[in-house]
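Reviewing the structure listed below.
The values are calculated or read from the model by the stated rules, or taken from the named source; none is laboratory data. Note that this is a predicted model, so its numbers are computed, not measured. For neighbour counting, all protein chains shown are included, and Cβ atoms are generated from backbone atoms with ideal geometry for every residue, glycine included. SASA here: full protein model, heavy atoms, side chains in, ligands and nucleic acids out. Shrake-Rupley method; radii C 1.70, N 1.55, O 1.52, S 1.80 Å.
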Amino acid sequence: MKKTLALILATLTTSAIAAIPNYSAPEILARANITDGYNLPPMSFLSNTSPVINNRGDVTFKLMAFDGQNNQGLWIKRGADENGKVVYTAPDYRFVTEPSLNDNGVLAFNLYDDGVTDGIFTLNADSEKVDQILKPTDDDIIYYTYAQVLTNGKAYFRGTDQDNARTFYQYDGSLKTIITEGKNTFGQKSSYLFKPAMNDNGAMTFKRRLGEVGEWDERNPDEILLIKPNGSSYDSIIVAKDKDSDPASVFKGFFNSSSISRNNHVAFSAYLEDNTKVIILYKDGVSKNIASEKADGISEIEVFTQKVNDQGQVLFRAKDSHGKRGIYIADTNSVKRIIGEGDEIQTDLGLGRILSNPNYPGFGGDVDMNDHGEIVFYCLLVGAKDNQQEWGSAVFKISPLK
């Protein structure tokens, strides 16, 4: 069943949306450096790391290398633990995808190398047991990306075949196709399926480009789609269309990824006709522009995945009026800067500062937030008194004040 909704840039119902909280000082979780480290051995390396946090307060992220070895790995700190640690080392000549993390503390990831893909793996944060839940027995799938396992055990991922066509799959002992490029699904053919986002109820949101296989030009129409399971099939809702799809749309285009909360808030970033970037929050057929460039002290919204929680709060990266990058939260009522480049921050080495350099970013990767409002992010550290004294790269958590 397909349901098409007209876009309404109106005020969302705010009765279920809590005000943006005040936050405590950031807590350092891990720091990587050549000569030393915190909760990581010396000679560990992070790069544009995208840490994730679940509702238990578990945090995980990928390591580019550690302990002087070239192997990639996975680090985790359970919410119940005081410190985190490396829990997985990738085999030689294998790379690790960015992990996902469900509320049972189960990570999902894939191993790969040039021309080689190894299916879907899980790692249980409690037992530290690794399982390969899906082996590449189907020779047609050559890449496994965006793996996620729900708390009910069902796995989802995007697979790419030998003809370079992408499919969203569900795996529950057998593969089930949700949508495939080139096939008429949810009322249209998709020429390209971008990064999907899922909630624990099995609902999914994603951007798709419409058209025949290979029609990837920006002039082809795009839409943000929300699909929700209904028995053995899905109901679909068009959250937003661009002007190539609907000339009456206010959107010139969309960022490549969207976000979904447990109760089906959808957040996405878009370009208006004058190329201004905005953050849009959608719920139950109504959309609102909740953050915009040239407003609330924001000069530029950065092209990274935004994150929405079940309180209707959206976390995103942006630059302020001085061009300094920062982390912001917005809801239907306000926009708040949480932390940014040049800010002082407490570390294991004492008072440091987030790198502020016009030629190099002080933040990297995507930010994440859970339904309790806890935030995790990656940044580069320097000495508080000497902006040239490199302290390495680190992952921090920020929690709302109680």
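What the table below lists for this structure:
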quantity: Residue within region 283-292 that is closer than 25 Å to Phe61 by Cβ and not in a strand (DSSP E or B) present; calculated: no
quantity: Residue check, Ile327 farther than 16 Å from Ala240 by Cβ and either in contact with a Phe, Trp or Tyr (Cβ under 8 Å, 6 or more places away or on another chain) or touching a residue at least 60 places away in the same chain (Cβ under 8 Å) (or both); calculated: yes
quantity: Scope region 110-126; condition at negative phi, open to solvent by 70 Å² or more (accessible area, probe 1.4 Å) and assigned to a loop (DSSP other than H, G, I, E, B); matching residues; calculated: Asp114, Asp126
quantity: Residues (farther than 20 Å from Ala197 by Cβ and touching a residue at least 24 places away in the same chain (Cβ under 8 Å)) located in region 303-324; calculated: Ser321, Gly323, Lys324
quantity: Number of positions in region 272-292 that are surrounded by fewer than 19 Cβ atoms within 10 Å (Cβ to Cβ) and either within 17 Å of Phe206 (Cα to Cα) or without any contact (Cβ under 8 Å) to a residue 24 or more places away in the chain (or both); calculated: 7
quantity: Test: Gly214 is open to solvent by 20 Å² or more (accessible area, probe 1.4 Å), modelled with pLDDT under 95, touching a strand residue (DSSP E or B) at 6+ places or on another chain (Cβ under 7 Å) and in a loop (DSSP other than H, G, I, E, B); calculated: yes
quantity: Meets criteria (part of a strand (DSSP E or B), farther than 27 Å from Val367 by Cα, polar (S, T, N, Q) and open to solvent by less than 10 Å² (accessible area, probe 1.4 Å)) for Ser236; calculated: yes
quantity: Flag for Val367 being at pLDDT 95 or above, crowded, with 20+ Cβ neighbours inside 10 Å and under 18 Å from Leu29 (Cβ atoms); calculated: yes
